[in-house]
Amino acid sequence: MKWYQSVAVKSFIIAFIATHIPLLVLVAVVTLRPQWLTPWGVLGAALGATLLATAVVIGTLWRLFRPLRLAADGLAGFMTHGRQIQLSIGSQDEIGRLVQLLVLSLAHLDRGRAPLLQSGGGSIERRTRLSESQAGGQLSIMALLEVDQWRALDDSADLQRMHEVQAALHRRLQQVMAGGELLLPWGRGRFLVVMKGTLLSARERLETACQRFFVPSGPTPYTCSAALDVRSGGSAGWASALQRLDQRLFALRLEGGAALVV
């Protein structure tokens, strides 16, 4: 990156121009319109020049940070709906480099996530086939659950408490699940469940499970949120449902929801 492409240099130029617009306007009034040199005339010229400089600064900064706004919207769309980010990176300053790196990183993440989803979908399909005879019905409802307070637990790095919370949620989920239904650990603070019945009945059971629960080592209550989906046939259907569940759960986190089942 060239030194003159830096945001620091651009900011200096913007500040320099904005500072000198009122000064240049007053110099012009003195040299070209001396008859305006009255208290009200000087005040009006200074006020008008200041408003003009403010508009120039706001407009320039709005355009300068446009790639960040587009990147934020694109990132939200990628995480909640799986849409690819399509951006034209025109600027070569720090903002442009950041957005370009973000787009490349998400493209790499998407390529790496596809085989993992396919593998997870195939594994769930095989386990579901083994469990459906015991469940006495087709297991077609998937739900991804996550402890709402897990981020705070992660920040505290209390491994013992994390284990206790995960175990407590596991026990709570076992209480609302029927025989033959699948309950799988799915990462830190998360569980994946595959259930039978209707979407409404599964939601009612999970709403009960997601209410406040406690661990033996402390009085702090915990809750969880869940995203539900109905899978289609084949391992590809399981993989697609897994992706939708992750996107919906992320959308819940963006909204700040807790103890919600969607």
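The values are calculated or read from the model by the stated rules, or taken from the named source; none is laboratory data. Not measured: the values here are computed from a predicted model. Heads up, the Cβs are rebuilt from the backbone with ideal geometry, glycines too, and the neighbour counts pull from every protein chain shown. Calculation scope for accessible area: heavy atoms of the full protein, side chains included, ligands and nucleic acids excluded. Shrake-Rupley method; radii C 1.70, N 1.55, O 1.52, S 1.80 Å.
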Could you list, in sequence order, the residues of region 215-232 that are within 12 Å of Arg172 (Cβ to Cβ), hydroxyl-bearing (Ser, Thr, Tyr) and out of contact with any strand residue (DSSP E or B) (no Cβ under 6 Å at 6 or more places or on another chain)? Thr223
Take the residues of region 184-213 that are of a type in the set (Ser, Thr, Tyr) and open to solvent by 80 Å² or more (accessible area, probe 1.4 Å): which is farthest from Thr128 (Cα to Cα)? Thr208
So in region 135-152, with the set limited to residues that are touching a helix residue (DSSP H, G or I) at 6+ places or on another chain (Cβ under 7 Å) and at pLDDT below 85, which one is farthest from Ala202 (Cα to Cα)? Gln138
Any chance region 18-35 includes a residue that's open to solvent by less than 50 Å² (accessible area, probe 1.4 Å), in a loop (DSSP other than H, G, I, E, B) and under 30 Å from Pro67 (Cα atoms)? no
Cβ-Cβ below 6 Å, separation at least six or inter-chain, first residue in region 211-227 and over 24 Å from Arg248 (Cβ atoms), second of a type in the set (Asp, Glu): which pairs? Val215/Glu164; Ser217/Glu164
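Condition check ((1) part of a loop (DSSP other than H, G, I, E, B); (2) modelled with pLDDT under 80; (3) open to solvent by 100 Å² or more (accessible area, probe 1.4 Å); (4) not hydrophobic (A, V, I, L, M, F, W, C)) across all residues:
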{"residue": "Ile13", "(1), (2), (3), (4)": "no, no, no, no"}
{"residue": "Phe16", "(1), (2), (3), (4)": "no, no, yes, no"}
{"residue": "Thr60", "(1), (2), (3), (4)": "no, no, no, yes"}
{"residue": "Arg97", "(1), (2), (3), (4)": "no, yes, yes, yes"}
Would you point out which residue out of Ala178, Ala168 is at pLDDT 75 or above, under 30 Å from Gly218 (Cβ atoms) and surrounded by 13 or more Cβ atoms within 10 Å (Cβ to Cβ)? Ala168
Result of the Cβ filter at 6 Å on region 79-105, keeping first residues that are among the acidic types (Asp, Glu) and partners that are in a helix (DSSP H, G or I) and at pLDDT 75 or above, at least 6 apart or interchain, is Asp93/Val7; Glu94/Val7
